[in-house]
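I have placed the structure first, in the form of structure tokens, so that the comments after it can refer back to it.
Bear in mind these aren't lab numbers, they're just calculated from the coordinates by the rules spelled out. Note that this is a predicted model, so its numbers are computed, not measured. In this analysis, Cβ positions are derived from the backbone assuming ideal geometry, glycine residues included, and neighbour counts consider all displayed protein chains.
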Amino acid sequence: MTDLIDNAAGGYRFLPGNRAFSGGVVPHAGHTLAHATLRAPLPYAQGFALIERHLAGLGRPYAALCAVELRVPQPLSFADFADFNRGYIRLLADSGLQLDGLGPMARTNVAPAVSPPAEPSLYAFSYTLPRAGAADTFVLAGAGDLPGGSTGPDSVVRRGETAPDALREKAAFTVNELDAAAAALGVAWRGATRVNAYTVHPLESYLVDIILGNISGAAAHGLHWFYSRPPIADMDFELDARSTAEEIFI
């Protein structure tokens with residue numbers, strides 16, 4: 001099991017991923033997680049400035065930011081995705097949000113298939129708040145039909161295939177990826193207040209048994225489907241999950 005890393009200034013621990021983002025986060029004891037959705041996405045540099053102002057207004061440090069949800073105009077090649085991450089990493093470094101060279105915040109990054117943004121934009125974010133006795137909260141970063149750490153298209157599960165059996169295999173692989181992240185964080189699907197799927201392909205072949213059948217009590221809240229593509233053009237499916245104590249729109 002991968003050891004979690006403590007972000008003392010932010011009030012949470014995270015599952016180490018890479019320089020851009022982590023695999024998920026859990027708050028410190030005495031803290032909880034809140035989630036804010038922008039009514040209209042903002043170019044992500046402006047979005048991060050909004051986050052800093054929002055947290056300052058709550059008396060929270062910028063480091064309390066623990067997860068972001070981004071939207072990009074279209075899926076990218078592996079090379080272009082690496083370029084995107086380099087720019088994102090510079091923003092984290094310039095903002096003082098990296099920790100020992102790592103991106104501590106969880107991240108989901110997808111390309112809406114309808115009304116995409118003109119440039120990479122911030123859609124939503126999560127942050128820590130001090131609160132004693134709160135229910136367990138967490139964020140699992142977006143995972144998809146590509147093993148973590150892969151850098152080439154040949155690693156995509158059933159690459160180029162979208163028949164029902166291929167989509168089932170992609171979804172099952174993604175659920176297993178999030179299962180592993182949840183286990184490393186010490187959390188369970190049954191505590192999720194929101195599970196999101198991102199795909200432009202039909203869900204019928206795997207919705208009930210592969211997804212709803214594996215997310216335990218979280219199925220009571222349904223599955224939220226974003227008609228979107230993962231950020232890398234060769235991918236077809238992405239999934240994330242969170243448990244939060246507060247949900248707001250700003």
query: When only alpha-carbon atoms count, how far does region 114-208 stretch along each of its three principal axes, as whole angstroms with the largest first?
result: 48, 35, 29
field: Dipole magnitude (debye, nearest 20) for the chain, charges at Cβ of Lys, Arg, Asp, Glu
entry: 640
statement: At q = 0.16, 0.21, 0.22 Å⁻¹, the log10 of I(q)/I(0) for region 192-250 from a Debye sum over equal Cα scatterers comes to -0.55, -0.87, -0.93
Order of Y62, Y12 under a 10 Å beta carbon neighbour criterion, fewest first: Y62, Y12
Karplus 3J(HN,Hα) series, Hz, for region 241-250 with 6.51 cos²θ - 1.76 cosθ + 1.60 (x for Gly, Pro): 7, 8, 10, 10, 8, 9, 10, 10, 10, 9
Bridge type composition, region 5-249 - antiparallel percent by DSSP, nearest 5: 75
task: Neighbouring Cβ atoms within 10 Å as the yardstick, rank E204, E238, E52 fewest first.
output: E204, E52, E238
field: HN-Hα J in Hz across region 148-154 - Karplus 6.51, -1.76, 1.60, θ = phi - 60°, x for Gly and Pro
entry: x, x, 6, 10, x, x, 5
- request: Set the Förster radius R0 to 41 Å, insert the Cβ-Cβ distance between R131 and D154 as r into 1/(1 + (r/R0)^6), and round the FRET efficiency to 0.05.
  value: 0.35
222 nm mean residue ellipticity, helices alone, for the chain (DSSP H n ≥ 4; -39,500 (n - 2.57); rounded to 500): -7500 deg cm²/dmol
message: Using the Karplus curve 6.51 cos²θ - 1.76 cosθ + 1.60 with θ = phi - 60°, what ³J(HN,Hα) values do you get for each residue of region 112-121, in whole Hz, with x for Gly and Pro?
response: x, 7, 10, 6, x, x, 6, 8, x, 9
- prompt: If you work out mean projected area of the Cα convex hull in nm² from the coordinates, which of (i) 12.2; (ii) 13.3; (iii) 16.6 do you get?
  reply: (i)
- request: Just grab the label-to-label distance for R86 and S115, each label 7 Å out from Cα along the Cβ direction, in nm (one decimal).
  value: 3.4
query: Which whole DSSP H helices in the chain pass both tests: a Cα extent of 24 Å or more along the axis and a mean Kyte-Doolittle value no lower than 1.6?
result: none
query: How many angstrom lie between the C-alpha centres of region 201-250 and region 107-139?
result: 14
